[in-house]
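J.: First the structure, which I've put down as structure tokens, then a few questions once you've had a look.
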Amino acid sequence: MTHRSAFPLPAGRTSHRLLAIGACAALSLVSLTACGSSAATTSGGSAQNSGKPVEITFWTWTKNADKVVAEFNKTHKDVHVTLSQTVGGPTGYAKDFAAIKAGNGPDLFNVEYSELPNFVAQGDVQDITSAVGSSATSALGNSMQLTTLGGKTWAVPFDIEPTVFYYRKDLFQKYNLTVPTTWDQFKTDATALQKAAPGAHLINFPTDDASVFASMAWQAGAQWFGTSGNAWKVNFQDAATLKAAAYWQGLIDGGQVSTYLSSSPALTADLNNSKVIGMISGPFEGAYLKTMATSSAGKWAVAPLPTFDGTPATGAVGGSSYAVSKNSTHTAAAVEFATWMSTNADAVATRVAGGASSALPADPAMDTVAQKAFDASFYGGQDIYTLNQQAAATIKTGWTWGPLMVSTWSDFADPWAKLGKGGTITGALQSAQAQTVSQIKAAGLNVQG
Amino acid sequence: MALLTKPAATRRAPHRAPAAGGRPRSRTRGAAALLLGPFFLLFAAATLAPIGYALWLSLFQEHHSGLGFGPATTVFSGIGNYLDVLKDSAYRDGFVHVALFAVIYVPLMLGGSLAVALLLDSALARAKRFFQLTLFLPHVVPGIIAAIVWLYLYTPGVSPIVSVLQSGGFSFDLGSPFVAVPSLVNVAIWEVLGYNVVVFYAALQAIPREVLEAALIDGASELRTSWSIKLPSIRSSVGLVGLFTAIGVLQLFQEPLLMQQTAPAVITTTWTPNLYNYAQAFKDSNYGYAAAGSILLAVVCGLLSFGVTRLSNPWRRA
């Protein structure tokens, strides 16, 4: 979910090399894709012959996308991108699904890692294994795994979003709180804060977005989805998840965390009134928090996510990639643009300019570029990129997203909204699991659970 | 409002034509075909074709295999989707929700718009034009915009209304069904009341003035005239507006969709049948289900129209 997240960047290490890669990719497509329409194969090649750029469309919800696209168009003669700004989250995905179903999909669009399998299962995105050049693949390194399903690459990753802890440094000092490394300490802090400043909460537990909780279950070692042979395994109620559920339910019931919707103006007000003094989210949140808690600029800091046993570990919340829709007949051009956004310094700098994005680029070489472009004064000049990088290295392996996450997040929406109003996390997990399993079955997939 | 004047016009029309013989009639027919052609063309393209496509879609299910990372196959499932949708309690609950909504909304809407129309029509009314226009204005605002505006007015911390309520000691929590549903009713009434007032007012204006004068001479009060003469005379428009209102309620979509963003604990993702269909199509990519749900909804609307028409027919004869 994390529709607030948005993270595209652009890159442009050596545009002529990319060009060559693009051309090779186009050629290999000609020979490989027997299924592709003739338009698909001719567009890439002939456009380069005639000197007329290939026209592609790009849908994204990310900020600064207009500037990124302008930068790409200015520096590339072979491909011309037309941007369409969309909204993130379920509404945006609804639009993507509908447009692709109707044959009007964009060439390239933004998908988060959790939702990508849904588009793949839907047959809405193209296998771009052969279109992604080797230099991009090596630049993106392990991140390529995030967009590889069933041995095929379906999207170009842009960022990595380890879950971290944002907190008000000044207020932690004022109330004598210890920056928590364990969840026990976190609870002690929350309780101490409750006593010292009645009405204040350590963090808000968002009741419109289960993905933050998912990342904390992930951190605790949960595996909501897995595959066994040719079948999906679904379990939102494993020991690790239930442990995290009991922990957070306790904080909700004790009134130690607030339960606003993440988009609620009341949350923004509380962040500015020192009534909510922390936040759990991914690196992308850094840029959003900056625009939300304007009155406390310079007083925030970022720390790794606490854990149950004190050993550094985390999950991920959000993180997005660029996928080529099945409607596109310009696969090579779309992939060229996508890899440029993810691995070119120009692209990344343009994306981050003005502090529009604090996402941690998937390409490690881009981290310093992003860091240079991001104004970290809101965080008192803290080196948040290094911290996020270190956090990223502690993301627990073995987590898999399910095949119908757009549905699954929506299954969470109704019971999650009732948290703090009589609903329970375990109840929500139960009903979301039951619905997800029946949806997966209804789609004809094999499933156990 | 045009709906009211049209029947009268068509009723009168045949009287003009009959004198002419066969030839003029065929010419009339040609003209009718020519004039009606564009309508039927658009009707076919914009209404019949989508209904046909929905019917077609509703008979199929998409099937994947294994882990689902291969191509999907489309399987004919007959009435399978219809049965599944009917079996889904979330879909059925949607009808319960709109029924509850209707219980609050329909009487308020009909009563409110009748009362306002009667006030406007009464001899005592001043500045009629101004009030007509003012009342009608909200209808000109697109529903989605209206919902957004109201959403702000309902949001604590932003809304002046909520802060006045709160400073007066009233709590305003959209998380409570006793607040969220009436709030939704309020948006719907605000949007449509003025339109219905115009319909009723036009009908009231069509009542022969001599009848009203007779009542006046007989010493009937304004209230008595309204109750015993005006209301019975506009029964057919009341029936018509009732029909539109009921169908409108069944098709509730954009207001609850937006409201869901601030009151998700009450207005769930499948709160009305249309929201259910929307979620099926665009969140679950289950187009067959969504089509079946939509067709079933259309059938219910059709039955309801039939029912309301039957109910209001005796009035029309009166």
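J.: Quick one: in region A:76-117, of everything that is acidic (Asp, Glu) and away from chain B (no Cβ under 14 Å), which residue is farthest from residue B:69 (Cα to Cα)? Give the steps one after another, and end with the answer.
T.: Keep residues of region A:76-117 that are acidic (Asp, Glu), which gives A:78, A:96, A:107, A:112, A:115.
Then keep just the ones that are away from chain B (no Cβ under 14 Å); that gives A:78, A:107, A:112.
Values: A:78: 32, A:107: 20, A:112: 17 Å.
The qualifying residue farthest from residue B:69 (Cα to Cα) is A:78.
J.: Further question: Quick one: residue B:83 ticks every box in (1) among the aliphatic types (A, V, I, L, M); (2) closer than 30 Å to residue B:296 by Cα; (3) away from chain A (no Cβ under 13 Å) bar one, so which box is it?
T.: (3)
J.: Could you tell me which residue of region A:382-417 is farthest from the other protein chains (Cβ to nearest Cβ), considering only residues that are within 25 Å of residue A:230 (Cβ to Cβ) and without any contact (Cβ under 8 Å) to a residue 60 or more places away in the chain?
T.: This residue is A:397.
J.: Next question. Going through A:70, A:99, A:65, A:94 one at a time, which residue ends up being touching a Phe, Trp or Tyr at 6+ places or on another chain (Cβ under 7 Å) and not assigned by TED's automatic domain parsing to the domain that holds residue A:282? Walk me through it before giving the result.
T.: Values: A:70 fails: touching a Phe, Trp or Tyr at 6+ places or on another chain (Cβ under 7 Å); A:99 fails: touching a Phe, Trp or Tyr at 6+ places or on another chain (Cβ under 7 Å); A:65 fails: touching a Phe, Trp or Tyr at 6+ places or on another chain (Cβ under 7 Å).
After ruling out the rest, the residue left standing is A:94.
J.: Okay, next question. Of all residues in region B:239-259, which are in a helix (DSSP H, G or I) and among the hydrophobic types (A, V, I, L, M, F, W, C)? Spell out the reasoning first.
T.: Our first condition is that a residue be in a helix (DSSP H, G or I); within region B:239-259, this holds for B:239-250, B:254-259.
B:240, B:241, B:243, B:244, B:246, B:247, B:249, B:250, B:257, B:258, B:259, listed by residue number.
J.: Please list, ordered by first then second residue, the pairs with beta carbon atoms under 7 Å, 6 or more apart or interchain, first in region A:204-231 and closer than 25 Å to residue A:167 by Cβ, second part of a helix (DSSP H, G or I) and of a type in the set (D, E, K, R).
T.: A:220/A:243
Every residue, every condition in (1) within 21 Å of the chain's Cα centre (by Cα); (2) buried (at least 22 other Cβ atoms within 10 Å of the Cβ); (3) of a type in the set (Gly, Ala, Ser), yes or no:
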position	(1), (2), (3)
B:253	yes, no, no
B:263	no, yes, yes
B:273	yes, yes, no
B:277	yes, yes, no
B:280	no, yes, no
B:284	no, yes, no
B:291	yes, yes, yes
B:295	yes, no, no
B:299	yes, no, no
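J.: On to the next question. Conditions: (1) within 14 Å of another protein chain (Cβ to nearest Cβ); (2) under 30 Å from residue A:422 (Cα atoms). Residue A:326 meets all but one. Number of the miss?
T.: (2)
J.: Next question. Filter region B:69-85 down to residues that are among the aromatic types (Phe, Trp, Tyr) and at pLDDT below 85, then give me how many there are. It would help to see each step written out before you state the result.
T.: Within region B:69-85, the subset among the aromatic types (Phe, Trp, Tyr) is B:69, B:76, B:82.
Filter once more, keeping what is at pLDDT below 85: B:69.
Of the residues in region B:69-85, 1 are among the aromatic types (Phe, Trp, Tyr) and at pLDDT below 85.
Condition check ((1) out of contact with any Cys (no Cβ under 9 Å at 6 or more places or on another chain); (2) assigned to a helix (DSSP H, G or I); (3) among the β-branched types (Val, Ile, Thr); (4) over 30 Å from residue B:146 (Cβ atoms)) across all residues:
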{"position": "B:192", "(1), (2), (3), (4)": "yes, yes, yes, no"}
{"position": "B:197", "(1), (2), (3), (4)": "yes, yes, yes, no"}
{"position": "B:200", "(1), (2), (3), (4)": "yes, yes, no, no"}
{"position": "B:203", "(1), (2), (3), (4)": "yes, yes, no, no"}
{"position": "B:211", "(1), (2), (3), (4)": "yes, yes, yes, yes"}
{"position": "B:219", "(1), (2), (3), (4)": "yes, no, no, yes"}
{"position": "B:223", "(1), (2), (3), (4)": "yes, yes, no, yes"}
{"position": "B:229", "(1), (2), (3), (4)": "yes, yes, yes, yes"}
{"position": "B:237", "(1), (2), (3), (4)": "yes, yes, no, no"}
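J.: Residue B:97 versus (1) of a type outside the set (Phe, Trp, Tyr); (2) over 19 Å from residue B:245 (Cβ atoms); (3) in contact with a Pro (Cβ under 9 Å, 6 or more places away or on another chain): which is the lone unmet condition?
T.: Residue B:97 satisfies all of (1) of a type outside the set (Phe, Trp, Tyr); (2) over 19 Å from residue B:245 (Cβ atoms); (3) in contact with a Pro (Cβ under 9 Å, 6 or more places away or on another chain) except (2).
J.: Which ones in region A:194-233 are β-branched (Val, Ile, Thr), under 27 Å from residue A:172 (Cα atoms) and either within 14 Å of another protein chain (Cβ to nearest Cβ) or over 20 Å from the mean Cα position of the chain (by Cα) (or both)?
T.: Within region A:194-233, the first condition is being β-branched (Val, Ile, Thr), and the residues that meet it are A:203, A:207, A:212, A:227.
Of the ones still in play, those that are also under 27 Å from residue A:172 (Cα atoms) are A:203, A:207, A:212.
Correct list: A:203, A:207.
J.: Check whether at least one residue in region B:296-304 is touching a Pro at 6+ places or on another chain (Cβ under 6 Å) and in a helix (DSSP H, G or I), and report yes or no.
T.: Our first condition is that a residue be touching a Pro at 6+ places or on another chain (Cβ under 6 Å); within region B:296-304, this holds for B:297.
This time we only want the ones that are in a helix (DSSP H, G or I), so: B:297.
Yes.
J.: If you go through region B:266-285, how many residues are facing chain A (nearest Cβ under 7 Å) and either on the phi > 0 side of the Ramachandran plot or not in a helix (DSSP H, G or I) (or both)?
T.: 5
J.: Also: Can you name every residue in region A:129-152 that is within 14 Å of chain B (Cβ to nearest Cβ) and either crowded, with 24+ Cβ neighbours inside 10 Å or of a type in the set (D, E, K, R) (or both)?
T.: Just the residues of region A:129-152 that are within 14 Å of chain B (Cβ to nearest Cβ), to begin with: A:129, A:147-152.
Of everything in region A:129-152, those that are within 14 Å of chain B (Cβ to nearest Cβ) and either crowded, with 24+ Cβ neighbours inside 10 Å or of a type in the set (D, E, K, R) (or both) turn out to be A:147, A:152.
J.: So residue A:299 fits all but one of (1) over 18 Å from the mean Cα position of the chain (by Cα); (2) of a type in the set (D, E, K, R); (3) crowded, with 20+ Cβ neighbours inside 10 Å; what number is the exception?
T.: Residue A:299 satisfies all of (1) over 18 Å from the mean Cα position of the chain (by Cα); (2) of a type in the set (D, E, K, R); (3) crowded, with 20+ Cβ neighbours inside 10 Å except (3).
J.: What about residue A:342, is it touching a Pro at 6+ places or on another chain (Cβ under 6 Å), in the same structural domain as residue A:117 (by TED's automatic domain parsing) and within 20 Å of residue A:114 (Cα to Cα)?
T.: On the way: touching a Pro at 6+ places or on another chain (Cβ under 6 Å): no; in the same structural domain as residue A:117 (by TED's automatic domain parsing): yes; within 20 Å of residue A:114 (Cα to Cα): yes.
When the stated conditions are applied, residue A:342 does not pass them.
J.: Do any strands (runs of 3 or more DSSP E) lying entirely in region A:221-307 carry at least 1 residues that are within 26 Å of residue B:258 (Cα to Cα) and modelled with pLDDT of 95 or more, and which ones are they? Walk me through it before giving the result.
T.: Values: elements: A:225-228, A:231-234, A:278-281, A:300-304.
Because the criterion is at least 1 residues that are within 26 Å of residue B:258 (Cα to Cα) and modelled with pLDDT of 95 or more, the strands (runs of 3 or more DSSP E) in region A:221-307 that meet it are A:278-281.
The values are calculated or read from the model by the stated rules, or taken from the named source; none is laboratory data. As the structure is a computational prediction, the values presented were derived from the model and not from experiment. We place every Cβ from the backbone using ideal geometry, glycine too, and count neighbours over all the protein chains shown.
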